[in-house]
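The values are calculated or read from the model by the stated rules, or taken from the named source; none is laboratory data. Since the model is a prediction, treat every value here as computed from it, not as a measurement. All accessible areas refer to the heavy atoms of the entire protein, side chains included, with ligands and DNA or RNA removed. Shrake-Rupley method; radii C 1.70, N 1.55, O 1.52, S 1.80 Å.
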Amino acid sequence: MLELLKNLASWLTSPAQWSGPEGIAARILEHLEYSVLATLAAAVIALPVGLLIGHTGRGAFLAVNLSSFGRALPTVGLVTLVFLAGGLSVWPVYVSLVALAVPVIITNTYAGMAAVDPEVKDAAKGVGLRGRQVLWQVELPLALPLIMTGVRLATVQVVATATIAAYVSFGGLGRYVFDGLAQRDLVQVLGGAALVAVLAVVADLALGGLTRLLFRGRPATAR
């Protein structure tokens, strides 16, 4: 075990391992590209849906149960299915990562909207605000902390799962995991897994810090 850890440390700190088109730096950038684009696409899809459900109250059952669906989603199976249907392209990776992130964002967006005190909404209507004005000027600002939590959770999940890009012969940090398994190179497998874990933790800490900075002094919920 000690020898394995020494080899892993050597692998991670070797300058040659970080340079070149297949080096760690390049793989991290590829991994971030998959993760950021997929999370942004998921947010574009999920935020309007979550806001609509939370504002109208319609479809609440769907929003509450979507998170369970996301956890049960067989990501690798979905990648394979889309890959077989659409051919060799990076789209199966993005489709699968977006499908993973959308339920989390919808559920947290709905939860944030539902947490807004009904008396606050009634007071807003009492001073003359209409439906859309109540949504944008009252509900959304109060729901933002929980919405940001949803985006944060989705981002971490996507970063941790973007290794599937290597499953269909693309890049990212998953390349080390799949190549290492094929070559029976345990050091490379552990190195790739460690890098993914560190990247996910960094993303979580960064978004958590941003949330605390933006909503300093505000309660965790909108109630």
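If you fit an axis through the alpha-carbon atoms of helix 174-183 and take the longest principal axis of the Cα set of the chain, what angle between them do you get, 0 to 90°, nearest 10? Roughly 30 degrees between the two axes.
Distances between every pair of Cα atoms in the stretch 114-154, grouped in 5 Å steps from 0 to the bin holding the largest one, split as 6, 24, 29, 19, 10, 8, 4, 1 percent. Relative to the longest principal axis of the Cα atoms of the chain, the long axis of helix 186-214 makes an angle of roughly 20 degrees. The heavy atoms of L81 present about 110 square angstrom of accessible area, all protein chains included, probe 1.4 Å.
For the chain, averaging the sequence separation of C-alpha pairs within contact (under 8 Å, six or more residues apart) and dividing by the residue count gives a relative contact order of 25 percent.
Note on the stretch 1-59: Kirkwood hydrodynamic radius from all Cα pairs is 14.9 Å, rounded to one decimal. For the chain, a Gaussian network of Cα nodes joined below 10 Å ranks A206, A111, A46 by mean-square fluctuation, and the top entry is A206.
Counting heavy atoms of the protein chains only and a 1.4 Å probe, report the per residue accessible area for the chain as a whole number of Å². Please list the in-between numbers first.
On the way: 11990 Å² over 223 residues.
Dividing the accessible area of the chain by its residue count gives 54 Å².
At full extension, S19 and A182 could sit 56.4 nm farther apart than now, given 0.36 nm per residue minus the alpha carbon distance. Kindly express, to the nearest 10 degrees and within the range 0 to 90, the angle between helix 24-56's C-alpha long axis and the longest C-alpha principal axis of the chain. Roughly 20 degrees, rounded to the nearest 10.
Counting protein heavy atoms only, the chain has 68 percent of its accessible area on carbon and sulfur, 1.4 angstrom probe.
Could you state the orientation-averaged shadow area of the convex hull built on the Cα atoms of the stretch 125-223, in nm² to one decimal? Write down the numbers at each step before the final one.
On the way: hull surface 35.0 nm².
Computing the convex hull of the Cα atoms and averaging its projections yields 8.8 nm².
Using the Stokes-Einstein relation with a Kirkwood hydrodynamic radius computed over Cα pairs, the translational diffusion coefficient of the chain at 37 °C and a viscosity of 0.692 mPa s comes to 171 µm²/s.
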